[in-house]
Amino acid sequence: GLRFISTRQEVVDIMYNNIKYAIFQPCENEIMVLVHFHLKNPIMVGKKRQRDIQFFTEVVDASQTVDAGRSSMYDPDEVDDEQRERHLRKRLNQAFKDFCKKVDNVAKKNNYSVEFDIPYRDLGFQGNPHKEMVFIQPTLNCLVNLTETPFFLTDLADVDHVHFERVTYLSKAFDAVLINKDFSKQPWRIDMIPNGDKEAIQEWLTDMEITYTEGPMNLNWKQIMNTVKDDDRFYMNTEEDEVTEKEAGWEFLRLFGREDEEEQEDDEDDSEFSEAGPEDEESLEEEESEFDSESEEESDFDADEELEEQGMDWEDMERQAAIDDRRRGTGDEPETDRRGNKRRGSAPKQTRNQARKRRR
């Protein structure tokens, strides 16, 4: 096996037959070069049980002092620092690579197999498996992030299905749920994955022969896993009577997306109807107002025609109106004129006769 002795004389022993996965991650855009061992059974490191043991060396300091002075790209000191860092990266990568080859050769001589996987950086994506955004990369057997603590390492051999949540046209990110083959365990989650990485992830899952589904909402996985765990015919397409059909396996997760899509379509139809309603009402009101105006115009036109048929002009009509006013003024009760003044009562019969004689 392997024995590591620290500067404090602390000893860590790793047996070859206890190594499940060995990962070598060179320093490309990270600040460290590392070798990571994922163990079959945990070992004691200090006072804690650990299944992930990592050995690393920092190429550049994680925190650097920032000078107040201005820096220039032609500064010879900065150019020297960049060249020194580049040579250090290359030397450390080569040293760790040689160490991995030596471990592989020694393990083969002792009839053990220890193969070091290198993460596929081109297939990496940003995600939040714990509480912060990190860069997650797939390897031949795992999906890992080894540069930030706590480590994220998921064995693809234990993944039964992958479901993508919050997949909509409006959201900029989605969540990935990795369901464990052991239904008694809760799934792994990776939140806030950018939508631009979805197609690449789906292609990678297809190459790894892992099924996947997607839906627009978050699901209650605790309840789902309890239901699936108690279903003996989960992967069959019929119920216990072997006649009633049902969705086989994880296909039922697609139903959540279908139902939501149908509801969204219904809501869109209702919204279109509601949007069209006020316009129709306005058009109906406009038609009614036009009809009323036309009827008023027709009524005015009919009244003018009746007056023209009687052969009366404006002067005759004024005279007729004056006569009607005089007839109305024959009452005993005082009336008010247009100015609001009270009119006097009707004149005596003698004065009327005298007025008639004078007119004659």
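Could you list, ordered by first residue, the pairs with Cβ atoms under 8 Å in which the first is in the stretch 237-251 and under 17 Å from residue 161 (Cα atoms) and among the acidic types (Asp, Glu) and the second is at pLDDT 75 or above and not in a loop (DSSP other than H, G, I, E, B), at least 6 apart or interchain?
247/254; 251/213
Return the pairs, sorted by first residue and then second, in which the second residue is open to solvent by less than 70 Å² (accessible area, probe 1.4 Å) and assigned to a loop (DSSP other than H, G, I, E, B), the first residue lies in the stretch 102-123 and is within 10 Å of residue 16 (Cα to Cα) and touching a residue at least 40 places away in the same chain (Cβ under 8 Å), the beta carbons are less than 6 Å apart, and the residues are 6+ apart or on different chains.
Listed pairs, sorted by first residue: 103/114; 107/114.
Every residue, every condition in (1) modelled with pLDDT of 95 or more; (2) part of a strand (DSSP E or B), yes or no:
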site: 143; (1), (2): yes, yes
site: 149; (1), (2): no, no
site: 160; (1), (2): no, yes
site: 170; (1), (2): no, no
site: 175; (1), (2): yes, yes
site: 182; (1), (2): no, no
site: 189; (1), (2): yes, yes
site: 193; (1), (2): yes, yes
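Among the residues of the stretch 90-113 satisfying the criterion of being of a type in the set (A, V, I, L, M) and closer than 25 Å to residue 59 by Cβ, which is most open to solvent (accessible area, probe 1.4 Å)?
Restricting to residues being of a type in the set (A, V, I, L, M) and closer than 25 Å to residue 59 by Cβ, the top hit is 95.
I need a count of the residues in the stretch 131-183 that are in contact with a strand residue (DSSP E or B) (Cβ under 7 Å, 6 or more places away or on another chain) and closer than 20 Å to residue 52 by Cβ.
Within the stretch 131-183, residues that are in contact with a strand residue (DSSP E or B) (Cβ under 7 Å, 6 or more places away or on another chain) and closer than 20 Å to residue 52 by Cβ number 24.
For residue 132, which of the numbered conditions (1) part of a helix (DSSP H, G or I); (2) loosely packed, with under 10 Cβ neighbours inside 10 Å fails to hold?
(1)
It is to be established whether one or more residues within the stretch 219-231 are among the basic types (Lys, Arg), modelled with pLDDT under 95, more than 30 Å from residue 24 (Cβ to Cβ) and surrounded by 16 or more Cβ atoms within 10 Å (Cβ to Cβ).
Looking for residues that are among the basic types (Lys, Arg), modelled with pLDDT under 95, more than 30 Å from residue 24 (Cβ to Cβ) and surrounded by 16 or more Cβ atoms within 10 Å (Cβ to Cβ), one finds none in the stretch 219-231, hence no.
Of the residues 81, 61, 75, which is of a type outside the set (S, T, N, Q), open to solvent by 100 Å² or more (accessible area, probe 1.4 Å), more than 24 Å from residue 189 (Cβ to Cβ) and modelled with pLDDT under 90?
So the residue among 81, 61, 75 that is of a type outside the set (S, T, N, Q), open to solvent by 100 Å² or more (accessible area, probe 1.4 Å), more than 24 Å from residue 189 (Cβ to Cβ) and modelled with pLDDT under 90 is 61.
Looking at (1) under 21 Å from residue 169 (Cβ atoms); (2) in contact (Cβ under 8 Å) with a residue 40 or more places away in the chain, find the lone condition where residue 202 falls short.
(2)
For the stretch 116-129, what are the residues that are surrounded by fewer than 15 Cβ atoms within 10 Å (Cβ to Cβ) and assigned to a loop (DSSP other than H, G, I, E, B)?
Those that are surrounded by fewer than 15 Cβ atoms within 10 Å (Cβ to Cβ) and assigned to a loop (DSSP other than H, G, I, E, B): 118, 120.
Considering only the stretch 21-40, how many residues are open to solvent by 80 Å² or more (accessible area, probe 1.4 Å) and at pLDDT 95 or above?
0
The values are calculated or read from the model by the stated rules, or taken from the named source; none is laboratory data. Fair warning: this is a prediction, and the values are worked out from it, not measured in the lab. Because the Cβ atoms are built from the backbone with ideal geometry, glycine has one as well, and the counts that use them run over all protein chains shown. For the accessible areas, the whole protein counts, side chains as well, though only heavy atoms, and no ligand, DNA or RNA atoms are used. Shrake-Rupley method; radii C 1.70, N 1.55, O 1.52, S 1.80 Å.
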